[in-house]
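First comes the structure, then the notes that go with it.
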Amino acid sequence: MNLAKDDEAKFKKLGISSFLELALLIPHSYEDYTLHSQLIPQKAQLIDATVESVYKAPNSIQISFFSHNLGHTLQGVLFRPKPYMMHQFKVGDRDYYYGVIDCKQGHCSMSMPKKVTKIGKITPKYKTALRSDVMLRLVEKHLTKENLQSEGLNAAMAEEILKLHFPTIELLNTTQLSENALEALKYTELFAYMKLLAGKRRYFQALSSSARDYKEWAESLPFTLTDEQIAAIEDIKTDLQKDVAAKRMVVGDVGSGKTMVILAAAYMMLPQRSILMAPTTILANQLFEEAVKFLPNIKSVLVTNKTKKEDFSGYDFIIGTHALLYRELPNAALVMVDEQHRFGTQQRNMLEKLVMSGEKRPHYLQFSATPIPRTQAMIESAHIDVSLITSTPFTKDIDSQVIHKSDFSELLVHIKAEIAKNNQVLIVYPLVTESEVLEYQSIDEARGYWEKNFSNVYVTHGKDKEKEQVLLDFREQGDILISTTVVEVGISLPRLTTVIIVGAERLGLSTLHQLRGRVSRTGLKGYCFLYTNQNKSERLDEFVRTTSGFDIANLDLKFRKSGDLLKGMQQSGSQFKWVNFVEDEAIVKRVKGDLNI
Ligand code: ADP
Ligand code: MG
C-alpha cells in the first residue's frame, strides 16, 4: 500500500493499515438524493416541492409543501429553527427538500426538511474517527476493485463489498444486509486479520531437526494413549523434524492428558535437551515426578527458587517454575511451557527471550487448558500451529446440578457421606472486592460454619502466600477445602470428588468448567454443585448438561452473544465484528485455503 502523507495520517486515525480494512468500515446509512414517485414511510427521502404556506410559531415553523414527484401535499415541520432557517422557505418557491417522511391518517409530514441543491446521487454516511465527508472522499479515492485485489481479495468478494460503499437504488430498498454482503464482510474480515497474523509470524532455523520415534516409549506406559494424544504427538514429531523452529500450542481440556504429550516431546527430542516451565511449584513438582516415573532413563532435574546453584548441563530434561528465568541454563533444543495461560505477559516475554537467543532457535511448545472453539484455533493457526485435544482418556463420571438454599440440608448429607468414604470436598466462594455488596457469604464469613461443624477444614485464597502449602496439606490430610477460584491451577487432588461453587452464576462457564475439572481426576464418581440464588439460569442449566470443554467454549460464546457477559467478549476474539465462531467455520476454512495457511 502506497499512500500520500495526508492519506497515511487518515488511515492511522482510522486505526487501519490496509485497503481491506478500509473496505470493512462500511457506511452506517445512506442519503438518497434521487427522486422517487413512491413514498416510503419513515424513511428519509427527497421531494421536489413548491412552498404553499409558511406558519411561524415561537418554537417551530410549519411549511405546507406540494410535492410534485409524489403528487400531494405534505406538512414540513422545523422544531427550534435556527434564525437562518426563518428565511429559507418562501411561499411560491420550488426547490428540493430532504427529510424523514411519516404519514398518519392520510396526513404526511416531513420533519426537519433540509434544502438540497445537488441531486441525483446516493451518498453513504460514515461514523468513523474521520468526518463523514472526509471519509467519503478517502473511500472514493482508494476503495477500488484493483486496490482490494492487490491485497489478495478475490474479484467476487471485492465487488460485493464495494456495493456497500457505492450503493445502487436496489440496495437502498432493502433494510437488511443481503446474505452475499454479509458473507463478503465475514470473508474480508477474516482475510484481513489472518493475513496480518500470518505476516507477523517469524520463522527461524531450528537448533535440531530430528525426532526419535516414540512408539517404544508409548508401549512402556501403563495405559494406551488416546487417539488425540497420539495426533498431538505426531504433530510435534513432524515439527521437531523440520529445520524451522516449531511454534505450537497444544490446547486440551483439564485432564485430557497433556502431560503425556509433554513427556513424549522430551523423549522424541533426545539426545538433545528439553526445558519445561510450569506456573507453580506444586505443578513443577508434579511434572517432575511424572517425568521421573514415565521417563526413567532420562536425567531430569527440578528447578525452583529453593534449588541450589548448579550446572544443569548434565541433565536431559530441566523442569521448573519461573525460577528458571533467573538461572544460567544450558542450551536446549526444545522449550515447553505448561499451563501457559497462567503466566503473566511479562514472564511470557522473558521466556520468549530465553527461547530467542542466537540465530538458531529451539522448538517452542505451549500447553493450555483453556479450551477455545475449533474455529478460533483455525484462525490462530495463521501465526501459531495449534493441536487440539478435545477428549479425556477416561470419561469422567461427574453429576452436575444447580442447587439453591432449600437444598442445603441435602448437600450436608452428601458432604458427610463423601468424607466418610475418605473423599474430599472443595467449596469455592466468590472473590469479594470491597465495592461489591454481595448476596453470598464471603470466605471469612463462611469458614466459621464449616470449621465448627467439620474437622480437617482448610482455607486458602488467591492472595494467600501460603496457598501452595495449604493445598499440599489439604491433599494429604484434608476433608474440606474452602477457597476462592485459586485452585484453578492444575494441581491434582486425587481424592477430590465434590466441588460446590457458591454464586456460580457470577462466573464464566470456562471458569466453572476448570473448577469442575478438578474433581474425579482418577476415575472416582464426582459431583459438581452450582449454588445460586437465581431462580432460573439457562446458562447454568446448559452447563450442567455438557462436560466437554470445547462445547462449553462455544456455549460461552453463545451466551455472551446474547448479552449475558458482553464485556467478556474480548477474551475470545472480539476483534471480529462480523465473524461468528460458532457459525462460520466454513468461511474460516475457505480463507485459510485461499491464504495457503
Ligand atoms: P492435563 O491435560 O490436565 O494436564 P494430565 O496430563 O494431568 O491432564 O492427565 C490427567 C490424568 O490422566 C493423569 O492422572 C494421567 O496419568 C492420566 N492419563 C493421561 N493419559 C492417559 C491415557 N491415555 N489413559 C489413561 N490415563 C491417562
Ligand atoms: Mg497439566
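Some points to look at:
- If you go through segment 218-229 and pick out every residue that is surrounded by 19 or more Cβ atoms within 10 Å (Cβ to Cβ) and away from ligand 2 (no atom under 16 Å from the Cβ), you end up with 0.
Yes/no per residue for (1) open to solvent by 10 Å² or more (accessible area, probe 1.4 Å); (2) under 18 Å from ALA420 (Cβ atoms); (3) modelled with pLDDT of 95 or more:
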| position | (1), (2), (3) |
| --- | --- |
| VAL457 | yes, yes, yes |
| ILE480 | no, yes, yes |
| VAL486 | yes, no, no |
| ARG495 | yes, yes, no |
| GLY503 | no, no, no |
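- One residue alone among TYR187, TYR193 is open to solvent by 40 Å² or more (accessible area, probe 1.4 Å) and assigned to a helix (DSSP H, G or I), and that residue is TYR193.
- Residues of segment 230-256 satisfying the condition of being surrounded by 23 or more Cβ atoms within 10 Å (Cβ to Cβ), within 8 Å of ligand 1 (Cβ to nearest atom) and small (Gly, Ala, Ser): GLY252, SER256
- In segment 18-53, of all residues being surrounded by fewer than 15 Cβ atoms within 10 Å (Cβ to Cβ) and touching a residue at least 60 places away in the same chain (Cβ under 8 Å), the one that is farthest from GLN75 (Cα to Cα) corresponds to HIS28.
- Residue match in segment 381-390 (condition: over 30 Å from TYR193 (Cβ atoms) and either buried (at least 19 other Cβ atoms within 10 Å of the Cβ) or hydroxyl-bearing (Ser, Thr, Tyr) (or both)): no
- Residue match in segment 243-255 (condition: of a type in the set (Asp, Glu) and part of a helix (DSSP H, G or I)): no
- Taking the listed residues LYS12, LYS56, the one that is part of a helix (DSSP H, G or I) and surrounded by fewer than 17 Cβ atoms within 10 Å (Cβ to Cβ) is LYS12, with no other qualifying.
- Remark: VAL402 matches the filter, which requires a residue to be outside any loop (DSSP other than H, G, I, E, B), β-branched (Val, Ile, Thr) and over 27 Å from VAL250 (Cβ atoms).
- Counting only residues that are within 16 Å of ligand 2 (Cβ to nearest atom) and open to solvent by less than 10 Å² (accessible area, probe 1.4 Å), segment 344-375 holds 4 of them.
- Single match in LEU512, LEU471, LEU496 (criterion: closer than 21 Å to GLY255 by Cα, among the aliphatic types (A, V, I, L, M) and in contact with a Phe, Trp or Tyr (Cβ under 7 Å, 6 or more places away or on another chain)): LEU512
- When segment 517-542 is limited to residues that are of a type in the set (Val, Ile, Thr) and open to solvent by less than 30 Å² (accessible area, probe 1.4 Å), the one that is nearest to GLY252 (Cα to Cα) turns out to be VAL519.
- Only residues that are within 13 Å of ligand 2 (Cβ to nearest atom) and open to solvent by 50 Å² or more (accessible area, probe 1.4 Å) were counted in segment 257-287, giving 1.
The values are calculated or read from the model by the stated rules, or taken from the named source; none is laboratory data. As the structure is a computational prediction, the values presented were derived from the model and not from experiment. All Cβ positions, glycine included, derive from the backbone under ideal geometry; neighbour counts span all protein chains shown. Just the protein is used for accessible areas: all its heavy atoms, side chains included, with ligands, DNA and RNA removed. Shrake-Rupley method; radii C 1.70, N 1.55, O 1.52, S 1.80 Å.
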